[in-house]
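S.K.: Got a structure for you, questions after.
The values are calculated or read from the model by the stated rules, or taken from the named source; none is laboratory data. Just so you know, these numbers come straight off a predicted model, no measurement behind them. Here Cβ is always computed from backbone atoms with ideal geometry, including for glycine, and neighbour counts include all displayed protein chains.
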Amino acid sequence: MSFYITTSISYVNGQPHLGHAYEAIATDVLARHHRQRSDDTFFLTGTDEHGEPVADAAKANGYEPREWADLNAEKFKALLPELGVEPDFFIRTSDPQHEQKVQDVLQRVYDNGYVYKGTYTGWYCPRCADFKVENEILEGNRCPIHEIELTKENEENYFFKLSAFQSQLEALFAENQGFVGPPRARNEAEAFLAGGLQDVSLTRAKLTWGVQVPWDHSHVFYVWFDALLNYYTALSYARANADLTERYWPASVHMIGKDILKFHTIYWPALLLAAGLEPPKGVFVHGFLQGADGRKMSKSLGNGLDPLDVTERFGADALRFFLLREVQFGSDGPVGMDAVANRYSAELANDYGNLASRTLAMIARYRDSDVSSRATDPELAAEFTGLPATVSAALDAVDLTGGLDQIWQRVRRLNRYVEEQRPWELARDEAAAARLDTVLASLHEGVRSLSVLLYPFIPAATAKVLAALGTPDTDYSAAAFGTHAAATARVEKIPPLFPKEPD
């Protein structure tokens, strides 16, 4: 089975921030999970480099657009390893291969009769690079996203016949109930569709920083159509001398933020249909992270959370865990450094880190690091029954927080098991030797099973634990409790996974 997942691509007219980290981490978790399941997985991310916002930012900072894009694209690319994020390809929309493929696809849309020339008059947001329809505009002719005053634009453009796809999009939503998630986002997309589709500008005549229109060199493509096509174009050149399009298209999941819902759930599938291509299987719209005070993060309020501040203090695993644990994925929610510290101490250091360390230390001390061929506790095993299937079902529904919670319930169960069984007391009673064997084997197997399930979320820490347990396999077929219960396993003690007072 193939699994193709993408993030939205980041504008290079700004700096990487927590929102970029959040989306990249969530997408990486799903990609790692599907690789565990032996799915043929491809994970795409990258940068959006054309259009008026980029050209304006470049000019304001004394750069040519290409120089500005080159400078900032590297910042977004460099962020990924700091987060433990491992994409299969990083696309830049200034790549010549992307530009050529955009021209090929949109020429096809033109040849299929879905493009015409006309004059557009409307309210335009230069930061969104988007014309706003009347029901989107805030009081005072302001942008609903950036809350800046819109400008009145009047220019001759080529238009895309979006209105021609009203019935096809309605059918798509009806036939694929999972096309947009979560339900809140699907309702918003359906409401936009129900309002009736209007044709939209496909090109701009006033700009030069963009992909040139092949049938009229005085125009460039409107940046959104250029950007949306990255998900399709990347597959044609992500690997040297290979076209991966047939292997992976259509995309399994596009991961996006709610501010770009209209483009990805309405414009994008319509454009693909116009070109004779299949629409994606699903689009998941995550929420926004807010400051600890519950307000939108901003420099002026000083309520932001810098992802690199978190990774420097606590590590990438802590950031990954916190973001997907603290706020229900798909909803808005507040985050802050104090909350990171609390989750780090209470859950990563105490619940999981201490459990792993105690288990390894007790096996080393009481059984000379050897738990091979010892039976596990059937009552404890019963509480793990079906857990891998439950977690994979949650992640298939892009319920990352729910899947993580299912795992964490068993992390806490194992900690209670230690307190209930008290291995240190069993070790002092020769008559309890068999019971101690069972308890230690059960703890070894429980920590191993949970570490396999946790691997996509906290890959660095779990890899250390699995190696120390003598069972480094992260394949999902090894996730079930009992898979390695009878295997030969010698353990090694490790230093604290999550030090109490990180440097």
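Conditions (1) surrounded by 21 or more Cβ atoms within 10 Å (Cβ to Cβ); (2) in a helix (DSSP H, G or I), marked per residue:
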site: Leu319; (1), (2): yes, yes
site: Arg325; (1), (2): no, yes
site: Gly330; (1), (2): yes, no
site: Ala339; (1), (2): no, yes
site: Tyr344; (1), (2): yes, yes
site: Ala356; (1), (2): yes, yes
site: Ala361; (1), (2): no, yes
site: Ser373; (1), (2): no, no
site: Leu380; (1), (2): yes, yes
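S.K.: Here are some residues: Glu86, Glu23. Which one is farther than 19 Å from Val223 by Cα, at pLDDT 95 or above and out of contact with any helix residue (DSSP H, G or I) (no Cβ under 8 Å at 6 or more places or on another chain)?
M.R.: Values: Glu86 fails: out of contact with any helix residue (DSSP H, G or I) (no Cβ under 8 Å at 6 or more places or on another chain).
Sole residue among the options that is farther than 19 Å from Val223 by Cα, at pLDDT 95 or above and out of contact with any helix residue (DSSP H, G or I) (no Cβ under 8 Å at 6 or more places or on another chain): Glu23.
S.K.: On to the next question. Taking only pairs six or more apart or across chains, which ones have beta-carbon atoms under 6 Å, a first residue in region 380-401 that is closer than 25 Å to Thr438 by Cβ and touching a residue at least 24 places away in the same chain (Cβ under 8 Å), and a second residue that is hydrophobic (A, V, I, L, M, F, W, C) and surrounded by 15 or more Cβ atoms within 10 Å (Cβ to Cβ)?
M.R.: Ala381/Phe481; Phe384/Phe481; Pro388/Ala479; Pro388/Ala480
S.K.: Now a separate question. Give all pairs with beta carbons closer than 6 Å in which a residue from region 31-58 that is assigned by TED's automatic domain parsing to the domain that holds Glu74 and part of a loop (DSSP other than H, G, I, E, B) meets a residue that is of a type in the set (S, T, N, Q) and crowded, with 19+ Cβ neighbours inside 10 Å; count only pairs at least 6 apart in sequence or on separate chains.
M.R.: Correct list of pairs: Glu49/Thr93; Glu49/Ser94; His50/Thr93.
S.K.: Right, here's the next one. Only residues that are surrounded by fewer than 14 Cβ atoms within 10 Å (Cβ to Cβ), modelled with pLDDT under 75 and not in a loop (DSSP other than H, G, I, E, B): list them for region 89-147, please.
M.R.: Result: Thr121, Glu134, Asn135.
S.K.: Hey, Ala432 hits all of (1) without any contact (Cβ under 8 Å) to a residue 12 or more places away in the chain; (2) closer than 19 Å to Arg37 by Cβ but one; which does it fall short on?
M.R.: (2)
S.K.: Pairs please, first residue from region 218-230 and more than 11 Å from Asp48 (Cβ to Cβ), second anywhere and small (Gly, Ala, Ser) and outside any helix (DSSP H, G or I), Cβ atoms under 7 Å, 6+ apart in sequence or on different chains.
M.R.: Ser218/Ala205; His219/Ala205; Val220/Gly210; Phe221/Gly210; Tyr222/Ser201
S.K.: For region 7-63, which positions are among the hydroxyl-bearing types (Ser, Thr, Tyr) and either under 28 Å from Thr208 (Cα atoms) or in contact with a Cys (Cβ under 8 Å, 6 or more places away or on another chain) (or both)? Talk me through it step by step, then tell me what you get.
M.R.: Residues of region 7-63 among the hydroxyl-bearing types (Ser, Thr, Tyr): 7-8, 10-11, 22, 27, 38, 41, 45, 47, 63.
Scanning region 7-63 gives Thr7, Ser8, Ser10, Tyr11, Thr45, Thr47, Tyr63.
S.K.: Return yes or no: is Asp293 acidic (Asp, Glu), surrounded by fewer than 17 Cβ atoms within 10 Å (Cβ to Cβ) and either at pLDDT 95 or above or not assigned by TED's automatic domain parsing to the domain that holds Glu170 (or both)?
M.R.: yes
S.K.: Suppose the filter is under 26 Å from Pro144 (Cβ atoms) and outside the structural domain of Phe42 (by TED's automatic domain parsing); does Asp226 pass it? Step through it out loud before you land on a result.
M.R.: Values: under 26 Å from Pro144 (Cβ atoms): yes; outside the structural domain of Phe42 (by TED's automatic domain parsing): no.
Spelling it out, it is not the case that Asp226 is under 26 Å from Pro144 (Cβ atoms) and outside the structural domain of Phe42 (by TED's automatic domain parsing).
S.K.: While we're on this one: Can Pro279 be described as in contact with a helix residue (DSSP H, G or I) (Cβ under 8 Å, 6 or more places away or on another chain), buried (at least 21 other Cβ atoms within 10 Å of the Cβ) and modelled with pLDDT of 95 or more? Even if it seems obvious, please write down each step before you answer.
M.R.: Details: in contact with a helix residue (DSSP H, G or I) (Cβ under 8 Å, 6 or more places away or on another chain): yes; buried (at least 21 other Cβ atoms within 10 Å of the Cβ): no; modelled with pLDDT of 95 or more: yes.
No; evaluated as a whole, the condition is false for this residue.
S.K.: Let me ask you something else. Within region 141-194, how many residues turn out to be farther than 24 Å from Pro279 by Cβ and hydrophobic (A, V, I, L, M, F, W, C)?
M.R.: Going residue by residue through region 141-194, those that are farther than 24 Å from Pro279 by Cβ are 141-157.
Among the residues that remain, those that are also hydrophobic (A, V, I, L, M, F, W, C) are: 143, 145, 148, 150.
Qualifying residue count, region 141-194: 4.
S.K.: Against the conditions (1) touching an Asp or Glu at 6+ places or on another chain (Cβ under 8 Å); (2) surrounded by 15 or more Cβ atoms within 10 Å (Cβ to Cβ); (3) closer than 20 Å to Leu323 by Cα, where does Arg412 fall short? Just the number, please.
M.R.: (2)
S.K.: If we scan region 238-256, do we find a residue that is touching a residue at least 40 places away in the same chain (Cβ under 8 Å), aromatic (Phe, Trp, Tyr), farther than 24 Å from Leu30 by Cα and in the same structural domain as Leu18 (by TED's automatic domain parsing)?
M.R.: no
S.K.: If you go through region 392-400 one residue at a time, do you hit one that is among the β-branched types (Val, Ile, Thr), surrounded by 20 or more Cβ atoms within 10 Å (Cβ to Cβ), part of a helix (DSSP H, G or I) and not assigned by TED's automatic domain parsing to the domain that holds Asp28?
M.R.: Of region 392-400, the ones among the β-branched types (Val, Ile, Thr) are 398.
Among the residues that remain, those that are also surrounded by 20 or more Cβ atoms within 10 Å (Cβ to Cβ) are: 398.
From what's left, part of a helix (DSSP H, G or I): none.
The answer is no; no qualifying residue exists.
S.K.: Exactly one of (1) of a type in the set (A, V, I, L, M, F, W, C); (2) surrounded by fewer than 21 Cβ atoms within 10 Å (Cβ to Cβ); (3) over 30 Å from Glu278 (Cβ atoms) is unmet by Leu80. Its number?
M.R.: Against the list (1) of a type in the set (A, V, I, L, M, F, W, C); (2) surrounded by fewer than 21 Cβ atoms within 10 Å (Cβ to Cβ); (3) over 30 Å from Glu278 (Cβ atoms), Leu80 comes up short only on (3).
S.K.: Step by step: first the residues of region 479-496, then only those that are of a type in the set (A, V, I, L, M) and modelled with pLDDT of 95 or more, then the one that is farthest from Arg37 (Cα to Cα). Which residue is that? Spell out how you get there, then give the answer.
M.R.: Let us first name the residues in region 479-496 that are of a type in the set (A, V, I, L, M), namely 479-480, 485-487, 489, 491, 494.
Keeping just the survivors that are modelled with pLDDT of 95 or more gives 479-480.
Details: Ala479: 10, Ala480: 13 Å.
Only one residue tops the list, namely Ala480.
S.K.: Let me ask something else about it. Is there any pair with a first residue in region 192-217 that is touching a residue at least 12 places away in the same chain (Cβ under 8 Å) and surrounded by fewer than 18 Cβ atoms within 10 Å (Cβ to Cβ) and a second that is part of a loop (DSSP other than H, G, I, E, B) and of a type in the set (A, V, I, L, M) whose Cβ atoms are under 8 Å apart and which are 6 or more apart or on different chains, and what are they?
M.R.: Short answer, once both residue conditions are applied: Gln198/Val133.
S.K.: Ok, one more. So which of Gly14, Gly62 is surrounded by fewer than 17 Cβ atoms within 10 Å (Cβ to Cβ) and either farther than 23 Å from Val335 by Cβ or in contact with a Ser or Thr (Cβ under 7 Å, 6 or more places away or on another chain) (or both)? Steps first, please.
M.R.: Values: Gly14 fails: either farther than 23 Å from Val335 by Cβ or in contact with a Ser or Thr (Cβ under 7 Å, 6 or more places away or on another chain) (or both).
Being surrounded by fewer than 17 Cβ atoms within 10 Å (Cβ to Cβ) and either farther than 23 Å from Val335 by Cβ or in contact with a Ser or Thr (Cβ under 7 Å, 6 or more places away or on another chain) (or both) holds for just one of Gly14, Gly62, which is Gly62.
S.K.: So which residues in region 61-86 are in a loop (DSSP other than H, G, I, E, B) and touching a residue at least 60 places away in the same chain (Cβ under 8 Å)?
M.R.: Selection gives Leu83, Gly84, Val85.
S.K.: Still on this structure: When you scan region 425-433, do you find a residue that is among the small types (Gly, Ala, Ser), in a helix (DSSP H, G or I), outside the structural domain of Glu23 (by TED's automatic domain parsing) and within 14 Å of Ala356 (Cβ to Cβ), even just one? Before you say what the answer is, go through the steps one by one.
M.R.: Taking region 425-433 first, the residues among the small types (Gly, Ala, Ser) are 427, 431-433.
Now drop any that are not in a helix (DSSP H, G or I), which leaves 431-433.
Next cut, outside the structural domain of Glu23 (by TED's automatic domain parsing) only: 431-433.
Next, only the ones that are within 14 Å of Ala356 (Cβ to Cβ) stay: none.
No; the residues of region 425-433 include none that is among the small types (Gly, Ala, Ser), in a helix (DSSP H, G or I), outside the structural domain of Glu23 (by TED's automatic domain parsing) and within 14 Å of Ala356 (Cβ to Cβ).
S.K.: Quick check on my filter: what residues within region 458-487 are within 17 Å of Phe321 (Cβ to Cβ), within 24 Å of the chain's Cα centre (by Cα) and not in a loop (DSSP other than H, G, I, E, B)?
M.R.: Pro459, Ala460, Ala461, Thr462, Ala463, Lys464
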